[in-house]
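Working notes, beginning with the structure itself.
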Amino acid sequence: MELLVPGSGKTAEDRQRQGRGGHQSHLHRLGRFQCSIQLNSHSSEYAAAMSPVAQATNILQAEANVQMGWLLPTINLLTAKIDRVKLRLKYCRPLVDALQVGIKNWFGHMAEDPELITAAILLPKFQTSWTTDDATIRMGVDYIKQHMEAPSLQLGDATSSSDEEDFFSALQAPQAQDRSKELDGYLAISADHMDSLKTFPAVCKLSVKLNMPLPASAACERLFSIAGLQPKKSETAFTQF
């Protein structure tokens, strides 16, 4: 004989079964809520981790300011930003670890390339502010001093003197001192636009030599995408332009 719960019309077993069902339903809703919170946290962490990567990619694939000197400052700042982001991550640490390993494998050796270092220093936007490593800056400055071209030697009047000391006087130290002063003057300016290089002819000439455009096809890829030719760009004929 089953006992009825007063005022409910249900047996004690029915009430117990209903209670278990309600408890399970509550746990199910709670589990979905916790899963939603974790998913949102994961999404926000992913966005925080990948945002610096997306920004760096856009900079290096831009159609303006694409000189080689942008490479090391961009990679250097990207590494620093990823290191800061990693400190507050819980779910996406493995992703950041993989990013750090990939950046080191692909770009680590470039941080010791004197030409790339010099290219960055010879852009007024960066100069020596893009790194705190004194050895890196010293390597770049030494490279500049060694490769700055001396002004053309002016031929004097051959009849003015036959003294060998006078003949070789144009090769003496003052020219090297002038080039060093020009480099110091360039490093002291605060302007960050390229026109400021015109004041320093030898520095400007070396900057133009080293800061060639980055070899990226991003601009061409965007052109094909805008034109709707992405799926068949290998079959593109001149008549489609």
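Coordinate-derived values only; no laboratory data. Note that the coordinates shown come from a computational prediction; the quantities given were computed from them, not determined experimentally. For neighbour counting, all protein chains shown are included, and Cβ atoms are generated from backbone atoms with ideal geometry for every residue, glycine included.
Within a 10 angstrom radius of the beta carbon, how do 226, 103, 121, 189 rank from fewest other beta carbons to most?
Exposure proxy ranking, most exposed first: 226, 189, 103, 121.
From the phi angles alone, apply the Karplus equation (6.51, -1.76, 1.60; θ = phi - 60°) to region 95-106 and give each ³J(HN,Hα) in whole Hz, x where the residue is Gly or Pro.
5, 5, 4, 5, 4, 5, 5, x, 4, 5, 5, 7
Among the listed pairs 104/209; 104/198; 86/145; 104/145, which have their C-alpha atoms separated by more than 32 angstrom in this model?
104/198; 86/145
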